[in-house]
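S.K.: Here it is, the structure in full.
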Amino acid sequence: MDHSGHGMNMDLPPFTLGRGLEFSADPFFLVGCVVALVLYGYGVARLRGRGDGWPVNRTVFFVLGVLSIALVMCTGLNDYGMVMFSVHMVQHMVISMVSPILLLLGAPVTLALRALPVAGRDRTGPRELLLKLLHSRYMKIVTHPVFTIPLFIASLYGLYFTPLFDFLMGSKTGHIAMMVHFLAVGLVFFWPIMGVDPGPHRPGYVMRMLELFAGMPFHAFFGIALMMATQPMVKAYENPPASLGIDALGDQSAAGGIAWAFSEIPSVLVLIALVFQWYRSEQRTAKRSDRAADRDGDQELKAYNAYLASLQTRGQ
């Protein structure tokens with residue numbers, strides 16, 4: 001397998017943060033990010049135009065999510081990621097664990113359902129198709145932990161420790177496909193756990209926390225395996241260009257450290273979001289029962305008093 005296909009990257013100067021953050025767009029992801037922002041903005045504008053509100057924090061989360069994708073795919077990080085395992089790992093972790101969490105907190109599906117017009121009777125428009133998809137058997141399967149947890153784990157071990165990774169890195173299309181896969185896996189993994197959007201699989205809060213923690217040890221172990229390896233594990237990165245001035249093993253160890261650290265950060269973020277959502281839903285439940293009591297004018301209490309009175313008359 002010849003890896004001289006990365007001729008365009010051969011003369012990259014040593015990596016610095018400044019060089020990593022220079023604008024260098026991957027056309028596919030640049031167009032994708034712009035389209036996502038335009039559609040989301042259009043949805044929010046439609047709601048506002050109707051006089052409906054849309055929480056500002058959701059818009060902020062969504063925009064940050066899209067920008068986090070642009071940050072790793074439309075900058076020098078994407079160029080360096082082709083030749084440096086550590087930089088690639090930053091891309092992988094951001095696009096599979098940070099971007100999905102932010103995008104999901106933006107509730108794009110809820111926005112679409114509220115902004116899209118309802119098609120006439122017996123007609124199927126985009127909104128109806130989206131609802132159909134949400135309720136489909138396919139969605140039930142791909143968002144179920146029995147599917148998402150193994151998928152999450154397999155896209156680490158199955159990719160990096162098999163020839164598949166080198167094959168995908170051999171072409172631009174392969175590289176894009178791999179990054180899209182990471183994003184998709186992150187979305188289906190985190191959606192049932194802490195997504196705001198309605199989903200087919202929505203367990204209780206304790207189960208969600210268990211789902212979150214089920215995948216993390218494998219993630220940490222993957223990072224540790226890379227850090228402790230005594231030889232390069234991934235062919236694509238075993239001979240970094242001399243111009244980078246790096247050593248393949250040192251770079252791989254850094255990649256492992258990044259994978260290990262990243263498995264902790266999103267866990268903490270998701271946990272905070274979960275506890276907050278849990279607290280809010282408890283508040284709502286309490287408010288609802290208070291409202292019900294006000295509405296009934298404490299009918300239950302009156303009924304109970306009447307019952308006591310009836311007991312008393314019976315007793316006499």
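The values are calculated or read from the model by the stated rules, or taken from the named source; none is laboratory data. If you're wondering where the values come from, they're calculated on a predicted model, not measured in any experiment. Neighbour counts are summed over all protein chains in view; Cβ atoms, including those assigned to glycine, are modelled from backbone coordinates with ideal geometry.
S.K.: Would you point out which residue out of Tyr160, Tyr205 is at pLDDT 90 or above, out of contact with any Gly (no Cβ under 8 Å at 6 or more places or on another chain) and of a type in the set (Phe, Trp, Tyr)?
M.R.: Values: Tyr205 fails: at pLDDT 90 or above.
Step by step, each of Tyr160, Tyr205 is checked, and only Tyr160 is at pLDDT 90 or above, out of contact with any Gly (no Cβ under 8 Å at 6 or more places or on another chain) and of a type in the set (Phe, Trp, Tyr).
S.K.: Please pick out the residue among Val206, Val234 that is β-branched (Val, Ile, Thr) and closer than 30 Å to Gln277 by Cβ.
M.R.: Sole residue among the options that is β-branched (Val, Ile, Thr) and closer than 30 Å to Gln277 by Cβ: Val206.
S.K.: Any chance the stretch 297-310 includes a residue that's on the phi > 0 side of the Ramachandran plot and more than 36 Å from the chain's Cα centre (by Cα)?
M.R.: Yes, the stretch 297-310 contains at least one residue that is on the phi > 0 side of the Ramachandran plot and more than 36 Å from the chain's Cα centre (by Cα).
S.K.: Taking the stated definitions as given, is Arg208 among the basic types (Lys, Arg) and crowded, with 19+ Cβ neighbours inside 10 Å?
M.R.: Yes.
S.K.: Just the residues that are among the charged types (D, E, K, R) and under 30 Å from Gly250 (Cβ atoms), please, taken from the stretch 192-230. Break it down into steps so the answer makes sense when it comes.
M.R.: Step one: list which residues in the stretch 192-230 are among the charged types (D, E, K, R), which gives 197, 202, 208, 211.
Matches in the stretch 192-230: none.
S.K.: Follow-up. I want to confirm something. Restricting to the stretch 221-247 and keeping residues that are among the small types (Gly, Ala, Ser) and buried (at least 18 other Cβ atoms within 10 Å of the Cβ), which single residue is nearest to the chain's Cα centre (by Cα)?
M.R.: First pass over the stretch 221-247, keeping only residues among the small types (Gly, Ala, Ser): 223, 225, 229, 236, 242-243, 245.
Remaining after also requiring buried (at least 18 other Cβ atoms within 10 Å of the Cβ): 223, 236.
On the way: Gly223: 20, Ala236: 27 Å.
Checking each candidate, the answer is Gly223.
S.K.: Please go through the stretch 181-226 and pick out each residue that is under 10 Å from Pro145 (Cβ atoms) and either out of contact with any helix residue (DSSP H, G or I) (no Cβ under 8 Å at 6 or more places or on another chain) or outside any helix (DSSP H, G or I) (or both).
M.R.: His201, Pro203, Met207, Leu210
S.K.: For Phe152, are the conditions met, namely being assigned to a helix (DSSP H, G or I), under 23 Å from Gly32 (Cβ atoms) and among the aromatic types (Phe, Trp, Tyr)?
M.R.: It is true that Phe152 is assigned to a helix (DSSP H, G or I), under 23 Å from Gly32 (Cβ atoms) and among the aromatic types (Phe, Trp, Tyr).
S.K.: Also, quick follow-up: Across the stretch 290-299, what is the total count of residues that are surrounded by 10 or more Cβ atoms within 10 Å (Cβ to Cβ) and either closer than 16 Å to Met207 by Cα or not acidic (Asp, Glu) (or both)?
M.R.: Number satisfying all stated conditions: 4.
S.K.: Just give me the residues in the stretch 60-79 being within 14 Å of Phe29 (Cα to Cα) and not small (Gly, Ala, Ser), in sequence order.
M.R.: Val66, Leu67, Ile69, Leu71, Val72, Met73, Cys74, Thr75, Leu77, Asn78, Asp79
S.K.: Does any residue in the stretch 253-279 that is surrounded by fewer than 18 Cβ atoms within 10 Å (Cβ to Cβ) come within less than 8 Å, Cβ to Cβ, of a residue that is basic (Lys, Arg) and in a helix (DSSP H, G or I) six or more places away or on a different chain, and which pairs are these?
M.R.: As it stands, the answer is Leu274/Arg208, since those pairs meet every condition given.
S.K.: A further question on this structure: When Pro198 is evaluated against the numbered criteria (1) surrounded by 16 or more Cβ atoms within 10 Å (Cβ to Cβ); (2) within 20 Å of Ala273 (Cβ to Cβ), which criterion, by number, is the only one it fails?
M.R.: Failing condition for Pro198: (1).
S.K.: How about the stretch 137-157: which of its residues are surrounded by 18 or more Cβ atoms within 10 Å (Cβ to Cβ), out of contact with any Phe, Trp or Tyr (no Cβ under 8 Å at 6 or more places or on another chain) and either modelled with pLDDT of 90 or more or among the hydroxyl-bearing types (Ser, Thr, Tyr) (or both)?
M.R.: none
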